[in-house]
Number of protein chains: 2
Amino acid sequence: MRTLKYAILGLINREAMTGYDLMKMFNLELVNFWYAQHSQLYPELKKLTDEGLITYETVLQGQKLEKKLYSITEAGKIAFLNWLKKQDLLEPTPKDIFRLKVFFIESMTKEDILKHFSYQLDLRKEKLERLEATMAQHPYSKTISDVFSPLYGDYIVLKSAIMRERTYIDWLLDCIKEIENS
Amino acid sequence: MRTLKYAILGLINREAMTGYDLMKMFNLELVNFWYAQHSQLYPELKKLTDEGLITYETVLQGQKLEKKLYSITEAGKIAFLNWLKKQDLLEPTPKDIFRLKVFFIESMTKEDILKHFSYQLDLRKEKLERLEATMAQHPYSKTISDVFSPLYGDYIVLKSAIMRERTYIDWLLDCIKEIENS
DNA sequence: AGAGCCATGTAAAAAGTTACATGATTCG
DNA sequence: CGAATCATGTAACTTTTTACATGGCTCT
């Protein structure tokens, strides 16, 4: 389905950037719903260039260091907008190793079960805190923005990530309570 | 990380079964947190057999049809339990194409945005209904079971899937309301 | 001078998907 | 007898991860 392709096109469509910039976007902004390693990104950039969907100009950083500043082409914009407009069926539910282990809970002792749940709870709480800190300083809620600003998309996917973590935590707490009282 | 390996071991640990049985488990019971195609499963079964973690005996179904009934070995049990006991760090957040499209919302018209959200809402509601129907006839809530029964794991991961869908739907409804009033 | 970041790539392997391929059994 | 299901595999390809590999820039 070439999803990475469209994620890249969408980002470059917003603003010209280098592969390194894209990596920062994936690791910082999109990390809650898409990501890639640089070893996947650079070959994909080459491919998109070959397909005529993006182009680059070489820019000098300092004396020698060359970086490639990618921009989207007209063909790239069309491809991106077509992908964006397309309605997709539901994806298969995401895989989740913790849930898989919980499924096999009958093979664990009560002690191990509670250890697993409380560790997972710690990790999830920490993650939720990070997300909430990000939200607290998010520009969308701080400025007079409207839903047609690029910030709005960023804002609502962050909100969804927070809601998702809270639900996961609620579930963990439910389970812990039920298991402790057994 | 060979997660499929442990999913298989865990299932065969519960009860001897064929590759076909395993596929049914993946498609019906584990689908909310793990799954695989049969083209991935059969080679993995061969590999696990070579590794001495499972063995099989050939059983005749009817006159000619041979099926392989797999059982777990002692080494398999140990490998499974070690995996189960290990505490893992959080996985990266699952990828989500719909959220990715929402991130790029500023490139859509209000009309297209609302079309996307309402279609996604329909799909998610349908999925939630299926999950709730499954829950309604789930044996754990119907019989006098305790948390150490194999049914309990099944039951709580189903509960988590329902909570997850509800949260997704809540988020969609939030967004729709906010966008409509803009 | 050294740490941390900027910047870009390739190679090899693992994991996962889609398509190809075949044949038996069961039940109505 | 035909449809649905049972049953098992391989081939080709795509996607993703981990490791290898190199070198410049900035700031203290």
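Could you work out how far the C-alpha centroid of segment B:105-182 sits from that of segment A:65-83, in angstrom?
35 Å
Using a 1.4 Å probe on protein heavy atoms only, how many Å² of accessible area do A and B hide from each other, summed over both chains and rounded to 100?
7500 Å²
Just which residues of segment A:59-84 lose 30 Å² or more accessible area with every protein chain there, against their chain alone, with the probe set to 1.4 Å?
A:TRP83, A:LEU84
Once the label point is placed 7 Å from Cα along Cβ, list for B:SER149 the distances to the corresponding points in the other copies, in nm, shortest first.
5.4
If the label for A:ILE176 sits 7 angstrom from Cα along the Cα-to-Cβ line, what are its distances to the same label in every other copy, in nm to one decimal, shortest first?
For A:ILE176, the inter-copy label distances come out at 3.5 nm.
Could you calculate the FRET efficiency of B:THR134 with B:GLU15 from 1/(1 + (r/R0)^6), where r is the beta carbon distance between them and R0 is 30 Å, rounded to 0.05? Could the numbers behind the result be given before it?
On the way: r = 20 Å, r/R0 = 0.68.
Efficiency computed from Cβ-Cβ geometry: 0.90.
Which value results when the Cα radius of gyration for segment B:95-182 is divided by 2.2 N^0.38 Å?
Details: Rg = 17.2 Å, N = 88, 2.2 N^0.38 = 12.1 Å.
For segment B:95-182, the normalised Cα radius of gyration is 1.42.
Residue by residue through segment B:31-38, which ³J(HN,Hα) values in whole Hz follow from phi under the Karplus form 6.51 cos²θ - 1.76 cosθ + 1.60 (θ = phi - 60°), with glycine and proline marked x?
Here the 3J(HN,Hα) series is 4, 7, 8, 7, 6, 7, 7, 5 Hz.
If the only charges are +1 at each Lys and Arg Cβ and -1 at each Asp and Glu Cβ, what is the size of the charge dipole of segment A:59-153 around the Cα centre, to the nearest 20 debye?
The dipole of segment A:59-153 has a size of about 300 debye.
What is the packing order of peptides A:26-37, A:77-88, taking the mean over residues of other C-beta atoms within 10 Å and listing the highest first?
A:26-37, A:77-88
What is the set of long-range amide H partners of A:ILE54 at a cut-off below 5 Å, with H atoms built 1.01 Å from backbone N?
The list, which skips near neighbours in sequence, is A:THR49, A:THR73.
Say each of B:GLU126 and B:ASN27 gets a label point 7 Å from the Cα, pointing the same way as Cα to Cβ; how far apart are those two points in nm?
With each label placed 7 Å out from Cα toward Cβ, I get 1.8 nm.
Quick one: grab Rg to one decimal and Dmax as a whole number for segment B:32-182, Cα atoms only, in Å.
Every Cα atom of segment B:32-182 included, Rg and Dmax give 22.1, 68 Å.
The values are calculated or read from the model by the stated rules, or taken from the named source; none is laboratory data. From a predicted model like this one, the values you see are computed outputs, not experimental measurements. With ideal geometry, Cβ positions are generated from the backbone for all residues, glycine too; neighbour counts draw on all protein chains shown. We work out accessible area using only protein heavy atoms, side chains counted, and drop any ligands, DNA or RNA first. Shrake-Rupley method; radii C 1.70, N 1.55, O 1.52, S 1.80 Å.
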